[in-house]
Amino acid sequence: MLILCTNDDGYLAPGIGILADAARTLGDVHVVAPDREQSAMSHALTMHFPLRARKVQDGVHHVDGTPTDCVAVAVGALLERKPDLVLSGINHGPNMGEDVLYSGTVAGAMEATILGIPAIAVSYAGRSAEHMAGYGPLLETLLSQMVREGDFPRETLLNINLPPIPAEQVKGVQVTRLARRVYLDSLTQAVDPNGRPYFWIGGGEVEWSAPEGTDFHAINTGHISVTPLHLDLTNHALLADVAAWNLSV
Ligand code: MN
């Protein structure tokens, strides 16, 4: 099995090393990852600049682009054939709820899904990477089970979040839906030394709407969360209602 590993924290991030080591128990691993941090780049594709790939060592390239660029360049040029599996992560930070819409980690897996390759995104839901390294053996088990299950549904990727607790304290695996998060005060406005206003997005208080069955609830109760994500954003339940508006021009 040929496995491509990418991430959005850059090829030097500890998380991708842990993921690649776990993946090596399943097959041949090739790492193609950004040369620097590309978090929150979502599904950005670089179209107006050339991309350069540099071989760091056997089986490891970095690319001066986004996670989506990395998957495109790896599949289109760097790998000898289309990979059987694409893994993205381990992200340094959670990707739950609406995070998945901003995440470069999830987008890397999503790009593989678009290319028809089974893909799994993995994120560690802690602010520091304190317990991340201990998750290697659990990931090996989980990934091998997912690969054994085999038939990934089309247009679907699996989004894994790991709880920020020691791996040996994990209570189990829950299959979940996305929670909803609400950022409060996440925009900071201040004045720079030249007297001009600037804005800084991020931080602030986060509130969650996270009943049982959601990714956030699973993480909060010490479980590994696995969410199947579909690429079809159509609100199918609303098609008839909107059609009844009888829109015309
Ligand atoms: Mn990241």
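Inside the range 1-19, can you point out the residues that are surrounded by fewer than 21 Cβ atoms within 10 Å (Cβ to Cβ) and of a type in the set (A, V, I, L, M)?
Those that are surrounded by fewer than 21 Cβ atoms within 10 Å (Cβ to Cβ) and of a type in the set (A, V, I, L, M): 1, 2, 12.
Against the condition within 30 Å of residue 136 (Cα to Cα) and in contact with a strand residue (DSSP E or B) (Cβ under 9 Å, 6 or more places away or on another chain), how does residue 190 come out, does it pass?
The answer is no for residue 190.
Within the range 9-33, can you find the residues that are acidic (Asp, Glu) and within 13 Å of the ligand (Cβ to nearest atom)?
Listed by number, the list holds a single entry, 9.
Regarding the range 55-69, can at least one residue be identified that is of a type in the set (Lys, Arg), touching an Asp or Glu at 6+ places or on another chain (Cβ under 8 Å), away from the ligand (no atom under 16 Å from the Cβ) and farther than 30 Å from residue 151 by Cβ?
As a first pass, look at the range 55-69 and keep what is of a type in the set (Lys, Arg): 55.
Next, only the ones that are touching an Asp or Glu at 6+ places or on another chain (Cβ under 8 Å) stay: none.
No, the range 55-69 contains no residue that is of a type in the set (Lys, Arg), touching an Asp or Glu at 6+ places or on another chain (Cβ under 8 Å), away from the ligand (no atom under 16 Å from the Cβ) and farther than 30 Å from residue 151 by Cβ.
Tell me which strands (runs of 3 or more DSSP E) are completely within the range 1-70 and hold 3 or more residues being hydrophobic (A, V, I, L, M, F, W, C), or say none if there are none.
Correct list: 2-6, 28-34.
Report those strands (runs of 3 or more DSSP E) wholly inside the range 135-188 carrying at least 2 residues which are of a type in the set (A, V, I, L, M) and surrounded by 11 or more Cβ atoms within 10 Å (Cβ to Cβ).
Of the strands (runs of 3 or more DSSP E) lying wholly inside the range 135-188, those with at least 2 residues that are of a type in the set (A, V, I, L, M) and surrounded by 11 or more Cβ atoms within 10 Å (Cβ to Cβ) span 156-162, 172-175.
For residue 232, indicate whether it is among the charged types (D, E, K, R) and surrounded by 13 or more Cβ atoms within 10 Å (Cβ to Cβ).
Spelling it out, it is not the case that residue 232 is among the charged types (D, E, K, R) and surrounded by 13 or more Cβ atoms within 10 Å (Cβ to Cβ).
Could you check the range 18-57 and list, in sequence order, the residues that are under 15 Å from the mean Cα position of the chain (by Cα) and not hydrophobic (A, V, I, L, M, F, W, C)?
Correct list: 34, 37, 38, 39, 42, 43.
Conditions (1) among the aliphatic types (A, V, I, L, M); (2) in contact with a Leu (Cβ under 9 Å, 6 or more places away or on another chain); (3) at pLDDT 95 or above, marked per residue:
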site: 22; (1), (2), (3): yes, yes, yes
site: 29; (1), (2), (3): yes, yes, yes
site: 37; (1), (2), (3): no, no, no
site: 42; (1), (2), (3): no, yes, no
site: 52; (1), (2), (3): no, no, yes
site: 55; (1), (2), (3): no, yes, yes
site: 84; (1), (2), (3): no, yes, yes
site: 88; (1), (2), (3): no, yes, yes
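Among the candidates 101, 87, which residue alone is assigned to a helix (DSSP H, G or I) and among the hydrophobic types (A, V, I, L, M, F, W, C)?
101
Among (1) within 15 Å of the ligand (Cβ to nearest atom); (2) charged (D, E, K, R); (3) crowded, with 24+ Cβ neighbours inside 10 Å, there is one condition residue 36 misses while meeting the rest; what is its number?
Of everything listed in (1) within 15 Å of the ligand (Cβ to nearest atom); (2) charged (D, E, K, R); (3) crowded, with 24+ Cβ neighbours inside 10 Å, residue 36 misses just condition (3).
So, of the residues in the range 105-120 that are touching a residue at least 60 places away in the same chain (Cβ under 8 Å) and closer than 16 Å to residue 19 by Cα, which turns out to be nearest to the ligand (Cβ to nearest atom)?
Checking each candidate, the answer is 105.
The values are calculated or read from the model by the stated rules, or taken from the named source; none is laboratory data. This one's a predicted model, so the numbers in the text were calculated from it and none came from an experiment. Positions of Cβ are generated from backbone atoms using ideal geometry, with glycine treated the same way; all protein chains shown enter the neighbour counts.
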